[in-house]
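Notes to accompany the following structure.
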Amino acid sequence: MKEVPFSFDLKAPDFVPSDYDNHIQRKLSNMQGQYLDQSAYEAMLSQDDKLLYQVYELKRPEIEGELLHGISIVHPGKVGDEYYMTKGHYHTVLETAEIYYTLKGRGYMVMETPEGDCAVEELKAGSVLYVLPRWAHRSVNVSADEDLVMFFAYPGNAGHDYGTIETQGFRKLVVDKDGHPEIVDNPRWSPPESA
Ligand code: F6R
Ligand code: ZN
């Protein structure tokens, strides 16, 4: 890990960092139970375990005061009518924010809080999204043929809670309706156990 200030490049067209420590690849098989259309999911998976998204991370100590950062790339595609998306998560330390800068592509960030608020923000090249503390977040690529590429940064001590979203899902889904993205209620959303 670097011990002096450093810089790296993010260059079009793919924006893969010129320097990184970790490359995460999330496939269809990693998204079990996350897509609404379970039969479309099973049918796709029986054909091919497609690569849905990738993350390139620069390693920093996971402590308050550091910023974890890198690039996420969500590929274009759909499972049933639902666009390719990230798993989505809360930060384990709920009171930690995250900032995203969209470098390429079109999509939405689906967000919600444990208190029941939800928000969906558009993502497009050049836009900056600030995810407030307490908001779970999932990015969705709505382009038919282009990657959604974003730079992200968040506090080193944040941690990831995937389990809450795996169990209850997000309240909102982004689906293709006649060739256009539409934000709809998730019919399978279930309230948190404590509610
Ligand atoms: C980190 C963060 C992003 C995501 C990335 C992949 O806190 O929000 O770097 O990790 O977009 O999404 P997940 O982690 O939900 O699979
Ligand atoms: Zn996050």
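Quick notes on this structure:
- Qualifying residues in the stretch 155-189 (those that are over 19 Å from residue 120 (Cβ atoms) and touching a Ser or Thr at 6+ places or on another chain (Cβ under 6 Å)) - the one surrounded by the most Cβ atoms within 10 Å (Cβ to Cβ): 158
- Per-region count, the stretch 9-56, residues on the phi < 0 side of the Ramachandran plot, in contact (Cβ under 8 Å) with a residue 24 or more places away in the chain and open to solvent by less than 50 Å² (accessible area, probe 1.4 Å): 15
- Subset of the stretch 120-154 that is of a type in the set (Lys, Arg) and more than 13 Å from the chain's Cα centre (by Cα) - its residue that is surrounded by the most Cβ atoms within 10 Å (Cβ to Cβ): 134
- Verdict on residue 113 being under 16 Å from residue 133 (Cβ atoms), hydroxyl-bearing (Ser, Thr, Tyr), at pLDDT 95 or above and loosely packed, with under 15 Cβ neighbours inside 10 Å: no
- Residues of the stretch 77-96 satisfying the condition of being within 9 Å of ligand 2 (Cβ to nearest atom) and of a type in the set (Gly, Ala, Ser): 88
The values are calculated or read from the model by the stated rules, or taken from the named source; none is laboratory data. Here the structure is a predicted model, which means the values were calculated and not measured. FYI the Cβ positions are ideal-geometry reconstructions off the backbone, even for glycines, and counts take in every protein chain you see. Accessible surface is based on the protein model in full, side chains and every heavy atom, while ligands, DNA and RNA are left aside. Shrake-Rupley method; radii C 1.70, N 1.55, O 1.52, S 1.80 Å.
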